[in-house]
Each structure stands twice: as structure tokens, then as C-alpha cells.
Amino acid sequence: MSQDTTVKVKSKAIIDAVEPTEDTLSSRGGLSLVARFLRHGGWVEQIAAGFTGLRKSRKGQPVAEVFKQLICFFFDGSRRHVVHFDHLKQDAGHAAVIESTPRQMISSHAVKRFFMAFRQHHLPKFRVLLRSWFITQLRIERPDVVVLGLDSVVLDNDEALKREGVHPTYRKVKGFEPLQLSWGRQVVDVLFRSGSRHSNHGDDALLMIQRAVKAIRAFYRADVPIIVRMDAGFMDQKIFGWCESEQVGYICGGKLYADIKAVAAAFEPAGWSRLERPGQIWQYVEWADRRGDWKRFRRVIYSRPFYENRQMLLDFARPDNLIYTNLGMGSRMDEGLGAEWLSAAGIISAYHERGSDELVHRAFKDFGFEQLPFHRFVANAAFYYVMMLSFVLFELFKQKVCSPVIDTCAYASSLRRRLIDQAAKIVRHAGRITLKVPRAVYEHLHFHLLWQNSAATG
């Protein structure tokens, strides 16, 4: 029989006891970069400037301090309930890492009182601020063409308690349906709405486009080409007519009515053109179309995939697309656009890129949450707008602070795991406060570089 060669060694690293410590520790050391980013960028002050009247008594915390703690709460994302503020109020390490004192920490009751103080006239101020930050980014990046994406987003509150404004939506769940305008990963404007408001309810979409175009031309460039991408839910003669009169381009999905399909079916095979992309081939044809009460004909492009995932598709299985556009019609607007925006192939490609616009919705839901905490509609609207402002700051934080270390396309869950959820110790000595992080984290994340970037955002 073979002998047992196992050597029993007593480890010197075994923990024998546990004791409390008076050291100031935090498991969210990365929030120090967020607090520093907010302070040096002046973001909190910009938000609080429009809501100073919400503070009814000097006994409460300043509005700017409340907004800072709310933004850090959304950045943290470890809990999604307002009662978590009661735990944070008792956590001296959290207070230190976000550059607040324990006495300044707000409770869940203070948060509830804060949002219940909002009224309907406060809500447009959030939207003005979003457009202002958007214009600032335009001036920094200076694009030659501004491409906006318009869409509605469903917030699923189907399992929440009864809320004002929660109604059945097109996704067959009860919830809210905000309208959102985006530019790349930047949110331009949002309108918080009840679930009964469909995509193109009333003049919501048209007014949102008008405000954005006015801001772009007044504060960025009056001659910059502007293109709005929309799905078939926004197929509206009023929107099309205004864009045409104001020299704004639109690429909008269309509804596949029976007469549209009949016109497409009447084209001979030789009349169809081909658009090839890696792994995909599209067939398309175009003509001028005018719906029943339209006052003019408009360019329409009918496209269908020739095969999918290297598998040929039969006619009945082809997901056809219809696109309405005013691009390439010889208007003055076409002069500032290249051929890639005017050809049918380019327009189809641009419409397919709407998928990148929808990634903003996915990123927002990964950052925040859909179930809102209050019964009153206005309180939930204010909560949603603060969450949206925090999301926009999160995207700017990735771009301005984290880009040397973390990809700007990273979702919130990834950045939180890699950067925010790091152990840290806050030490006070000789009149200075020092944040200490493990050396492995300090070197791996180039924490010194992130620290410098967070102070260079003003």
C-alpha cells in the first residue's frame, strides 16, 4: 500500500477572532472619484440652482447636498430602495468617501419629503438642463452632422403597488412611457409620461424636436445639418411637414399597409437593387408615396433582407422594412450632406443604425431601475429626472475620467464592479484627509491618473 504523502501544515493566516474597528473604511472607494468629479465640474451646483425654493427650513440640508447624495446613490447602485438612505446615514465611511460629514447625511424620510415637495412647474427645469449639457458636448466634439434618435421607453411597473400614471403600455405591461431624444450616448431631452401616452401622443414628439433644433441652431451652429431617426410610431404628417419646412432631415419607419405591399410586389426582379453588408444582403426599391390626407408625395424606400445568418429566406419569412425620408430630394439641406446620406443604400444603413440609439435605453435601465417608489406622479417624475441626470453624468464620468482605463461603452454594472466597488480607508492626519486604496487596485486602475482626471473636468 502506498504511503500517505500529504503534509499537514498549519497556516499562519487563519483568522482567530473578529473585532470592531474605529477606522473610517468604505467598500465603495470609487465613489470618491465621483464626488471629486461632481465638485470640480460644478454639476451639482448647476442642478441645484433651479430648485433652491425646495428647501423650506434651514434645519434641513442644502438642496445641493441632497442632489449630491442622490447622484452618488444612483452611481453606487447597490440598493434600489429609498430606505437604504437610513443605512447610509449610519455609515461614516460612505459619508467620508463622498466628501460629506455624518451630520450632513440624509435619511429616507428626508428623501421622501424632498421629492414630495416637487410640483409640476419644477419638471421642465430638468429638461432645460439636459439640453444645456447636450449643447456643451456639441461644442466640445463639434460634429459635422447632428443625428438625433427619437423613441419612447417603457418603464415596467407591472408588479409595483398602484401608482398615479401607471397604465397598460404597448409592451403589455403596466408602467410609464417616457419620450426620449438622444444623440449617440448623450440624452438630449426626456419627457416623463404615463403609460397611456403612446409614442406620438399629441404634439409631444414634435415639440421635443423643435426645442432641440432651436437650441442646436442658436447655441452651436445655425448651418449644421440635423437628421432625426424615428420608428414607425412617429409616422406623422405634422412632423414630416415641419422638418421639411425647417430644413431638418428625417429618416422614419413606415407602416406596411396593404397598398404599400402591393406596389412593392408589382416591381419586376430587375427593378430591385442590392445592398451588401458583412453577413447580410438587402434588396430595396424606392418610389414616391402619398397617404390619404397628405398634401405632397414623399420619398419611400422599401427594403427586405435577402438572407439571414447565411440562410436564404422565403418570401413569406422576409421581415420587410419601409422608410420615409426627405433626404436626397434636392432641397437646400442636401448641400451639407455627403452621398452616404442621400443614396438609398446610405439611408437604409442609417435607419438600421437606430439599434445604436436604443442602446442608450438599455444602458439607462442597467444604470437605474424601472419601478419608481412613490404614489404621486409628480414625485415619481422628479425621481426619474434626477435618475436621468445622474445617468448623463455617469456617461460623462466615463468619458472624462475613466476613458484611459475603462471603455466608454461599458455598462454601469461593469464599471461599478471594476471601479466603484473597491475597498478604501480614509485617514485624517496633520489637517489633511487622505484616501488609501490597496496597492494592487491603485496600480491596476492607474488610480493616480483617474484622480487627476476627476479634477480636470471643470
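Some points to look at:
- Residue count for the range 192-212, restricted to those that are among the acidic types (Asp, Glu) and within 25 Å of Lys162 (Cβ to Cβ): 1
- Members of the range 354-375 that are basic (Lys, Arg) and more than 9 Å from the chain's Cα centre (by Cα): Arg354
- Residue under evaluation Leu31, criteria (1) more than 14 Å from Val386 (Cα to Cα); (2) aliphatic (A, V, I, L, M); (3) outside the structural domain of Ser414 (by TED's automatic domain parsing), criterion not met: (3)
- Considering Phe267, Phe234, Phe219, the condition of being surrounded by fewer than 18 Cβ atoms within 10 Å (Cβ to Cβ), among the hydrophobic types (A, V, I, L, M, F, W, C) and under 30 Å from Arg332 (Cβ atoms) is satisfied by Phe219 alone.
- Just one of the listed residues (Phe219, Phe267) is more than 17 Å from Arg354 (Cβ to Cβ), within 24 Å of the chain's Cα centre (by Cα) and modelled with pLDDT of 90 or more, and it is Phe219.
- Of all residues assigned to the range 135-153, at least one qualifies as being β-branched (Val, Ile, Thr), within 19 Å of the chain's Cα centre (by Cα) and either under 22 Å from Ala379 (Cα atoms) or not assigned by TED's automatic domain parsing to the domain that holds His361 (or both).
- Condition met for Gln210 (of a type in the set (S, T, N, Q) and within 20 Å of Val187 (Cβ to Cβ)): yes
- Scoring Ser349 on the criteria (1) of a type in the set (Gly, Ala, Ser); (2) touching a strand residue (DSSP E or B) at 6+ places or on another chain (Cβ under 8 Å); (3) outside the structural domain of Arg229 (by TED's automatic domain parsing) leaves a single failure, condition (3).
- Cys252 touching a Phe, Trp or Tyr at 6+ places or on another chain (Cβ under 8 Å), part of a helix (DSSP H, G or I) and not basic (Lys, Arg): no
- Residues located in the range 285-337, provided they are farther than 17 Å from Ile347 by Cβ, among the aliphatic types (A, V, I, L, M) and either in a loop (DSSP other than H, G, I, E, B) or at pLDDT 85 or above (or both): Leu313, Leu314
- Per-region count, the range 352-400, residues over 16 Å from Leu179 (Cβ atoms), of a type in the set (Ser, Thr, Tyr) and surrounded by 22 or more Cβ atoms within 10 Å (Cβ to Cβ): 1
Quick grid of which residues meet (1) modelled with pLDDT of 95 or more; (2) farther than 28 Å from Ala232 by Cβ:
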{"site": "Phe126", "(1), (2)": "yes, yes"}
{"site": "Arg131", "(1), (2)": "yes, no"}
{"site": "Phe134", "(1), (2)": "yes, no"}
{"site": "Val146", "(1), (2)": "yes, no"}
{"site": "Leu150", "(1), (2)": "yes, no"}
{"site": "Leu155", "(1), (2)": "no, no"}
{"site": "Asp158", "(1), (2)": "no, no"}
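The values are calculated or read from the model by the stated rules, or taken from the named source; none is laboratory data. Everything quoted here is computed from the prediction, not taken from an experiment. Using ideal geometry, Cβ is built from the backbone for each residue, glycine included, and neighbour counts are taken over all protein chains shown.
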